[in-house]
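**Q** Submitted below is the structure of interest, expressed as structure tokens.
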Amino acid sequence: MKRNRLVVASVASTITLAMALTACSSGSDAPADDESTSADGTPEPADITLWLAGPDTPDALRDYLTSTFEEENPGSTLTIEQQEWPDLVTSLTTALPDAENTPDVTEIGNTQSPTFTTVGAFRDLTPLYEELGGDALLPSFVEVGMAEGKNYSLPYYFGSRYMFYRKDIWTAAGLEAPTTLSEFSDAVKELHTDSQSGFAIGGQDWRNGISWVFANDGELAVEEDGKWTSTLSDANTIKGLEQWQDVFEGASNVPASAMDVAYWDFLNDGTDGEAPEAATIMAPNWARWSIGDLTTNDDGEEVRDGMVDDSKYDIFGLPGVDGGLAPVFAGGSNIGISAQSQHPELAENLLRIIFSEEYQTMLGENGLGPANSDYVSSLGDDKFAQTMIDTAAVSQLTPAAPGWAAVEGASLYEQLFQAIAEGGDVTEIAAEYDEKITPMLNNG
């Protein structure tokens with residue numbers, strides 16, 4: 001099962017990209033708006049390149065894209081190159097301004113999109129928006145791919161996160177799945193012991209932690225008159241951060257300095273049937289395949305059974321303050337056409353395949369949330385698929401500020417949440433980090 005990742009860029013990379021694209025867009029190397037076309041109006045055959053990030057897109061889907069594109073565009077070829085997540089922003093920063101070496105189409109992390117869309121890195125997809133899905137496309141992902149009211153990148157796939165828990169431990173304590181955020185907090189603190197987290201979360205794990213901010217109608221940053229301002233000191237944001245601090249201090253044994261922990265392992269019994277390290281975790285939907293009893297697959301390998309024991313394992317979406325679902329931070333990717341592509345019409349033809357019903361369905365069948373909500377049924381109809389769909393529907397993303405990738409690259413949110421996890425005064429910490437983050441949001 002594939003894993004959704006969100007990666008970061010450095011401040012220097014963000015500035016370099018902006019300078020490079022500005023120079024390139026004003027120079028003679030910028031490609032023409034339209035490539036050469038044949039007598040029948042179709043684009044001349046050419047070789048185009050698609051960059052995919054990490055291994056998330058399975059080989060079967062890559063093969064489908066290649067064969068379908070080449071069948072529908074006779075004489076043209078599609079080359080798919082995999083870029084690793086940690087190096088993606090650096091690679092794009094170098095390649096996108098270079099018309100000779102740019103990928104024609106590229107996947108990009110959803111939180112990276114604003115940095116690239118706001119500096120002219122991608123071709124305007126607004127004329128294709130309706131054809132590729134329009135309002136059926138995941139709204140939060142569409143938003144981070146926009147600049148000045150135009151669409152420059154669109155959703156590729158989504159993932160979501162929710163709660164996985166040891167139902168047997170909760171039941172033994174007389175507890176049921178909570179329906180409000182306060183019920184969740186009370187339950188996981190009651191389940192906490194010196195050797196077992198009621199809720200395992202690392203102190204630096206801000207991508208999970210900001211769900212408490214969203215649940216309280218808080219914002220990380222807002223835009224007014226074209227300028228972004230960090231809003232950690234907003235009353236609602238403070239309330240969410242204080243609630244998260246209370247849960248961390250009262251329920252988690254994971255260090256304040258920890259992040260990206262393999263939480264799914266915490267729910268599995270230890271060797272010789274020892275108690276698990278945690279009663280509850282928050283993780284992406286694919287974590288189910290790393291949870292459960294050990295079994296042997298057809299290749300003789302030991303694997304987890306994927307939570308088939310309903311009396312032992314279960315899931316629920318993080319509840320909201322007054323019930324329902326709290327907004328969680330969505331994982332996944334966007335996709336766009338390089339502004340420097342020399343074959344934009346062929347690149348658009350590739351996007352038509354990617355956003356087709358058949359390919360969108362294939363994404364869902366492989367556990368990746370389809371960008372187009374019309375095809376989410378392809379994820380299945382079990383509780384895992386339904387919870388993924390429901391939590392994604394109320395998900396939120398980080399601010400679509402030009403400098404957000406720089407904020408992530410500086411690890412400021414890791415530092416912020418660790419300071420809160422260590423018991424610091426939330427109001428003072430929020431004010432300190434507002435001062436650091438605001439200039440960076442505007443590429444300052």
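**Q** Residues in the stretch 162-189 that are open to solvent by 30 Å² or more (accessible area, probe 1.4 Å) and aromatic (Phe, Trp, Tyr): how many?
**A** Residues of the stretch 162-189 that are open to solvent by 30 Å² or more (accessible area, probe 1.4 Å), as a first pass: 167-169, 171-177, 179, 182-183, 186, 189.
From the residues that got through so far, the ones that are aromatic (Phe, Trp, Tyr) too are none.
Total satisfying the criteria: 0.
**Q** While we're on this one: Scanning for something in a helix (DSSP H, G or I) and either free of Cβ contacts under 8 Å to residues at least 60 places away in the same chain or of a type in the set (D, E, K, R) (or both), does the stretch 303-326 turn up at least one residue?
**A** No.
**Q** Related question: Of all residues in the stretch 59-90, which are under 26 Å from the mean Cα position of the chain (by Cα) and without any contact (Cβ under 8 Å) to a residue 24 or more places away in the chain?
**A** Within the stretch 59-90, Asp59, Arg62, Asp63, Thr66, Asp87 meet the criteria.
**Q** While we're on this one: Does the stretch 134-148 contain at least one residue that is at positive phi, out of contact with any helix residue (DSSP H, G or I) (no Cβ under 8 Å at 6 or more places or on another chain) and either open to solvent by 10 Å² or more (accessible area, probe 1.4 Å) or touching a residue at least 40 places away in the same chain (Cβ under 8 Å) (or both)? Lay out the reasoning, then the answer.
**A** Of the residues in the stretch 134-148, the ones at positive phi are 134, 148.
Applying the additional criterion that residues be out of contact with any helix residue (DSSP H, G or I) (no Cβ under 8 Å at 6 or more places or on another chain) yields 134, 148.
Within this subset, residues satisfying the condition of being either open to solvent by 10 Å² or more (accessible area, probe 1.4 Å) or touching a residue at least 40 places away in the same chain (Cβ under 8 Å) (or both) are 148.
Within the stretch 134-148, one or more residues are at positive phi, out of contact with any helix residue (DSSP H, G or I) (no Cβ under 8 Å at 6 or more places or on another chain) and either open to solvent by 10 Å² or more (accessible area, probe 1.4 Å) or touching a residue at least 40 places away in the same chain (Cβ under 8 Å) (or both).
**Q** So which strands (runs of 3 or more DSSP E) stay within the stretch 149-249 end to end and still have 2 or more residues that are modelled with pLDDT under 95 and more than 25 Å from Ala401 (Cβ to Cβ)?
**A** none
**Q** Do you know which residues across the stretch 393-444 are closer than 19 Å to Asn216 by Cα and of a type in the set (A, V, I, L, M)?
**A** Once the filter is applied, which keeps residues that are closer than 19 Å to Asn216 by Cα and of a type in the set (A, V, I, L, M), the stretch 393-444 yields Ala393, Val394, Leu397, Leu416, Ile420, Ala421, Val426, Ile429, Ala430, Ala431.
**Q** Separate question: Check Glu348 against each of (1) open to solvent by 20 Å² or more (accessible area, probe 1.4 Å); (2) of a type outside the set (Ser, Thr, Tyr); (3) closer than 25 Å to Tyr64 by Cβ; (4) under 18 Å from the mean Cα position of the chain (by Cα) and name the one condition it does not meet.
**A** (4)
**Q** While we're here: Among the residues of the stretch 270-296 satisfying the criterion of being in a loop (DSSP other than H, G, I, E, B) and open to solvent by 50 Å² or more (accessible area, probe 1.4 Å), which is farthest from Gln418 (Cα to Cα)?
**A** Among those residues, the one meeting the criterion is Asp293.
**Q** Can Thr427 be described as at pLDDT 95 or above and either within 28 Å of Ala121 (Cβ to Cβ) or surrounded by fewer than 23 Cβ atoms within 10 Å (Cβ to Cβ) (or both)?
**A** yes
The values are calculated or read from the model by the stated rules, or taken from the named source; none is laboratory data. This is a predicted model, so every value here is computed, not measured. For neighbour counting, all protein chains shown are included, and Cβ atoms are generated from backbone atoms with ideal geometry for every residue, glycine included. SASA here: full protein model, heavy atoms, side chains in, ligands and nucleic acids out. Shrake-Rupley method; radii C 1.70, N 1.55, O 1.52, S 1.80 Å.
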